[in-house]
Amino acid sequence: MQRKFDDLQLGTLELFCLVAEVGSFSAAAVSSGITPAAVSRSIARLEDRLGVRLFVRSTRHIHLTDAGKSYAEQCREAIALIDNAERQIQGQQLEPAGLLRISIPTPYAHYRLLPVLAAFSQRYPKIQLALNLNNANVDLTDGGYDLAIRGYHPADSNLIARKLEDAELVVVAAPDYLARAGKPVHPEDLAQHNCIQFELPSTGKSAPWTLRHNNKSIDVTTRGNVSCNGDFLGGLTLAKHGMGVFQTYRFTVADLLASGELVEVLTEYGGTTRPFIMVYPHQRHKSLALRSLMDFLVVTLQPVSPP
């Protein structure tokens with residue numbers, strides 16, 4: 001194999017990644033123990049070699065061009081792979097460590113993920129977690145996220161997916177609401193009930209309710225005088241206080257059903273599930289820290305079953 005890089009070029013790539021990370025020639029120079037002029041010359045040589053501008057420079061600031069962002073991402077992955085290969089061949093694989101940025105929808109965060117993270121942190125104390133709790137679909141690459149959990153299979157071919165679980169959906173209401181409005185026993189009965197709506201962040205439209213009958217899924221369009229946007233758990237709070245009927249995940253109401261604060265209805269039309277999937281960018285190196293987290297969640301998060 002013909003050699004394409006010398007030691008100087010590999011060092012330049014590491015220096016480029018450092019500048020991209022800290023956003024300053026001066027800060028990169030201090031960290032590397034060289035002068036800012038030396039950093040600038042090194043980056044200029046790299047740009048000449050590639051024939052593209054990697055940074056846009058002003059008198060006070062620098063920032064990556066689009067080409068620079070793409071190149072920095074790939075260089076970081078390449079350097080990480082080389083570093084990991086050396087550690088493995090030397091038998092010196094480090095304890096999982098580093099920062100993981102994770103995007104999680106609110107119901108899954110509060111009822112499934114957050115309760116188990118203390119145990120994860122005790123097992124891997126050198127891993128830092130930055131959690132974004134949001135029902136909107138973030139851009140993993142542009143947002144700099146290492147992992148996202150989503151309630152559907154991703155269509156994006158640039159994402160790698162690993163299933164966590166199939167979560168069951170249930171329809172619930174408070175006892176006092178059912179005493180006032182009656183108990184629905186058929187999907188058609190929902191037309192006579194105040195059905196609490198949740199607006200999907202991706203479309204701004206109310207999510208259809210999905211029921212199951214004769215082993216077939218059926219989508220039911222429901223109506224109500226209140227809708228929630230942004231926080232799915234708002235609908236659960238409304239239902240608990242007698243506002244109406246709500247479809248939610250069983251794991252969010254298991255304790256409330258057991259205590260009688262909520263009542264499950266339309267049980268003959270239950271059994272619908274939706275997947276929760278872990279996804280991460282295809283081009284991003286799956287670090288030891290990320291692998292450790294994903295493996296931990298798969299083992300720890302056992303599905304919540306009906307009583």
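The values are calculated or read from the model by the stated rules, or taken from the named source; none is laboratory data. No experiment lies behind these values; they were computed from the predicted model shown. Side chains are part of the model used for accessible areas, which takes the heavy atoms of the whole protein and leaves out ligands, DNA and RNA. Shrake-Rupley method; radii C 1.70, N 1.55, O 1.52, S 1.80 Å.
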Segment residue 57-residue 302, length gained on full extension (0.36 nm per residue, minus Cα span) = 83.1 nm
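Beyond a 26 Å Cα-Cα separation, which of these cross-linked pairs lie in this structure: 69/163; 163/183; 183/216; 69/205?
Details: 69/163 30 Å; 163/183 35 Å; 183/216 23 Å; 69/205 34 Å.
Exceeds cut-off: 69/163; 163/183; 69/205.
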Report, largest value first, the span of the C-alpha coordinates of the chain along each principal axis, in whole Å.
-> 77, 44, 34
Measuring with a 1.4 Å probe in the full set of protein chains, what accessible area per residue, in whole Å², belongs to the stretch 207-269?
-> 51 Å²
How big is the antiparallel share of DSSP beta bridges in the chain, given as a percent to the nearest 5?
-> 70 percent
First compute the accessible area of the stretch 122-212 with a 1.4 Å probe, then give the percent of it belonging to carbon and sulfur atoms.
-> 45 percent
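How large is the Rg to Rh ratio of the stretch 149-285 when both quantities use alpha carbon positions and Rh follows Kirkwood?
1.01
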Once both axes come from the Cα atoms, what is the angle between helix 36-50 and the longest principal axis of the chain, in degrees from 0 to 90, rounded to 10?
-> 80 degrees
Once the Cα atoms of helix 250-259 and of the chain are each reduced to a long axis, what angle between those two axes, in degrees from 0 to 90 to the nearest 10, is obtained?
-> 40 degrees
Arrange the residues 168, 261 by how much accessible surface each exposes, largest first, with a 1.4 angstrom probe.
-> 261, 168
Using alpha carbons only, how many degrees (0 to 90, rounded to 10) separate the axis of helix 66-89 from the longest principal axis of the chain?
-> 80 degrees
